[in-house]
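The values are calculated or read from the model by the stated rules, or taken from the named source; none is laboratory data. Computed from a predicted structure; not experimentally measured. Counting neighbours? That spans all protein chains shown, and the Cβs are built from the backbone with ideal geometry, glycine included.
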């Protein structure tokens, strides 16, 4: 499905690691894991299948990733969340940013990385199982993002609290991304624009979106 979108990070599809040491190999392994976790989930993706994709041995993959759970942590915390944290961090440096601008930049980012979004969505469903190694990550993630975003001095209409707006918006984004992945070729940004009308209705939000 998501392979019809031509983006998720450098080297996909069919990436191979030409050298078995250095950042290039680590990146190739991570990209292969993103593809595998997105298509088959954590349990359905073996280290051997990742090794085969990048032209390495299983031991070589473990040399770079440490473990399968270490690889899961890399693609979720570093590769998926790293850019999201950067966007919120930039808002922290601004005097009175708009929540709408954060969401639009997040949507634009995710529109460029469909395989990462597919991986995140697949793992999110799979990790409903309390025994899943990413269960705690997903439990804590929403609270962590909201807590960080609440440190921003948002520009808001009178009487509007940031927390419920942020929580509802991020939840809407997760659901919208599933619709986007199910039907390749849709414009994620245009889909999000429709959500904004419901989340930030005019005239209340006039000048704030």
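Numbers at a glance
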| quantity | calculated |
| --- | --- |
| Of residues in segment 158-189 being part of a loop (DSSP other than H, G, I, E, B) and touching a helix residue (DSSP H, G or I) at 6+ places or on another chain (Cβ under 6 Å), the one farthest from residue 118 (Cα to Cα) | 186 |
| Verdict on residue 102 being surrounded by fewer than 17 Cβ atoms within 10 Å (Cβ to Cβ), over 25 Å from residue 71 (Cβ atoms), touching a helix residue (DSSP H, G or I) at 6+ places or on another chain (Cβ under 8 Å) and at pLDDT 95 or above | no |
| So residue 88, is it free of Cβ contacts under 8 Å to residues at least 40 places away in the same chain, closer than 26 Å to residue 205 by Cβ and either surrounded by 20 or more Cβ atoms within 10 Å (Cβ to Cβ) or in contact with a helix residue (DSSP H, G or I) (Cβ under 7 Å, 6 or more places away or on another chain) (or both) | no |
| Within segment 134-153, tally of residues that are touching a residue at least 60 places away in the same chain (Cβ under 8 Å) and buried (at least 17 other Cβ atoms within 10 Å of the Cβ) | 6 |
| Meets criteria (closer than 30 Å to residue 157 by Cα, touching a residue at least 12 places away in the same chain (Cβ under 8 Å) and surrounded by 15 or more Cβ atoms within 10 Å (Cβ to Cβ)) for residue 121 | no |
